[in-house]
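All remarks here apply to the structure that follows.
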Amino acid sequence: DLAFVGGASFTLTVNGDNFNGASRVQWNGADRPTTFISKTQLQAFIPAPDIAVEGSASVQVRDTAANLMSNSLKFMIFGAVANVSAASFNGEALAPESIVSAFGAGLATQTELSNGLPLPTSLAGTTVTVRDSQGSEKLAELFFVSPNQINYLMPADLAEGKAIVTVRNGAGQMRTGATEIAKVAPGLFTADASGKGLASAVALRVRANGQQVFETVANYDSQQQKFIAAPIDLTVPGEQVYLILFGTGFRHRSSMDEVKIQIGSLDVEPLYADESPGLLGMDQINLLLPSELAGIGEVEVALKVDGKTANIIKLRFR
């Protein structure tokens with residue numbers, strides 16, 4: 001979740017479990033007016049002064065009856081430009097050579113898409129400059145620009161720590177926002193590009209005769225206007241099925257031992273976790289799906305790289 005500095009009061013929806021009428025949402029340790037929606041959802045009123053300063057706020061839920069506290073999550077408060085992972089939409093930190101989405105107003109005078117490689121550093125007159133914690137400035141390569149969103153490639157070899165991102169549009173207007181540069185900031189792409197729900201991934205089936213077949217794990221249903229899971233079949237004797245997950249922000253991981261994947265309650269060892277060949281900013285994880293997942297249904301997939309957690313995505317098995 002995110003907001004812009006100086007924004008208006010808003011209603012924050014908090015999803016979780018075991019909520020009750022005595023649950024209160026806390027913002028930086030202080031209770032906020034809370035409405036109980038269900039055991040898995042609360043809504044809280046967040047006044048404008050709570051988002052008057054750029055940075056982050058801690059959000060927790062307190063059970064006032066049992067005097068219990070939930071885990072804490074960060075809510076990001078951005079300046080004029082909100083820079084987040086294009087995969088997870090998490091803005092706590094961003095990694096060099098990762099794909100970034102910037103949100104704001106007046107970021108470009110028109111919409112324009114890059115038409116090939118090498119990527120340009122100017123589109124429709126818009127440029128993005130990143131100044132790292134050591135004062136080094138680099139122009140970012142651009143995938144796409146529009147008045148309210150820019151997709152760009154975070155420059156390589158940036159120093160870790162606080163960085164300033166400056167967007168200059170074709171009319172010469174400037175917008176700036178702060179971000180944190182980290183060596184690793186893992187995010188996984190989803191089928192609907194929301195950072196939540198079904199994975200953006202493919203399954204590679206190796207049949208008993210050696211034939212290799214790629215299969216989708218999600219298909220778009222035009223009637224329902226949403227992506228529907230295509231269950232991965234692990235029940236065929238003699239076949240092996242590999243999963244390829246797509247993401248960004250983890251190619252600079254310290255070692256393969258520090259890449260942890262959990263599918264449902266099962267730990268699965270990845271075979272590869274690095275950049276996707278030929279795709280700028282795109283990373284991928286390859287793993288062999290264990291037969292124990294057969295028939296498990298829809299499960300969550302959790303990725304942790306160098307101790308940093310990616311967004312949770314979903315897959316379905318039969």
*Is at least one residue of the range 111-122 in contact (Cβ under 8 Å) with a residue 40 or more places away in the chain, in a loop (DSSP other than H, G, I, E, B) and crowded, with 18+ Cβ neighbours inside 10 Å?*
no
*For the range 34-53, indicate whether the set of residues that are under 25 Å from Thr179 (Cβ atoms) and among the aromatic types (Phe, Trp, Tyr) is non-empty.*
no
*Using beta carbons and a limit of 7 Å, which pairs, at least six apart or on different chains, have the first residue in the range 283-299 and β-branched (Val, Ile, Thr) and the second one in a loop (DSSP other than H, G, I, E, B)?*
Ile296/Gly264; Val299/Gly264
_Scope the range 56-72; condition open to solvent by less than 80 Å² (accessible area, probe 1.4 Å) and more than 13 Å from Gly16 (Cβ to Cβ); matching residues_ = Ser56, Ala57, Ser58, Thr64, Ala66
*Given the structure, is Ala87 in a loop (DSSP other than H, G, I, E, B), under 19 Å from the mean Cα position of the chain (by Cα) and either surrounded by 15 or more Cβ atoms within 10 Å (Cβ to Cβ) or modelled with pLDDT under 95 (or both)?*
yes
*Going by the conditions given, is Asp306 buried (at least 16 other Cβ atoms within 10 Å of the Cβ), at positive phi and either modelled with pLDDT under 95 or touching a Lys or Arg at 6+ places or on another chain (Cβ under 7 Å) (or both)?*
yes
*Being among the polar types (S, T, N, Q) and under 16 Å from Tyr242 (Cα atoms) is the filter; apply it to the range 210-222 and report the residue that is nearest to the chain's Cα centre (by Cα).*
Thr216
_Leading residue by the ranking (farthest from Phe75 (Cα to Cα)) among those in the range 33-55 that are assigned to a strand (DSSP E or B) and open to solvent by less than 60 Å² (accessible area, probe 1.4 Å)_ = Ser38
*Scan the range 168-182 for residues that are over 21 Å from Ala93 (Cβ atoms) and either open to solvent by less than 40 Å² (accessible area, probe 1.4 Å) or part of a loop (DSSP other than H, G, I, E, B) (or both) and jot them down.*
Asn169, Gly170, Ala171, Gly172, Gln173
*Output the number of residues of the range 259-281 satisfying the condition of being surrounded by fewer than 20 Cβ atoms within 10 Å (Cβ to Cβ), not polar (S, T, N, Q) and not in a strand (DSSP E or B).*
6
_Can you find a residue that is open to solvent by 60 Å² or more (accessible area, probe 1.4 Å), modelled with pLDDT of 95 or more, of a type in the set (Val, Ile, Thr) and more than 23 Å from Leu2 (Cα to Cα) anywhere in the range 103-110?_
yes
*For the range 123-154, which residues satisfy the criterion of being of a type outside the set (D, E, K, R) and under 11 Å from Val165 (Cα atoms)?*
Thr127, Val128, Thr129, Val130, Leu139, Ala140, Met154
*List every residue pair whose Cβ atoms lie under 7 Å apart, where the two residues are 6 or more positions apart in sequence or sit on different chains, the first residue falls within the range 228-249 and is under 27 Å from Phe89 (Cβ atoms), and the second residue, located anywhere, is among the β-branched types (Val, Ile, Thr) and open to solvent by 30 Å² or more (accessible area, probe 1.4 Å).*
Ala230/Thr216; Ile244/Val202
*Of the residues that make up the range 265-278, is at least one at negative phi, under 19 Å from the mean Cα position of the chain (by Cα) and of a type in the set (A, V, I, L, M)?*
yes
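The values are calculated or read from the model by the stated rules, or taken from the named source; none is laboratory data. What you see is a predicted model, and the numbers here were worked out from it, not measured in a lab. Here the Cβ is made from the backbone with ideal geometry for all residues, glycine too, and neighbour counts use every protein chain on show. Note: accessible area is taken over every heavy atom of the protein model, side chains too, but ligands, DNA and RNA are not part of it. Shrake-Rupley method; radii C 1.70, N 1.55, O 1.52, S 1.80 Å.
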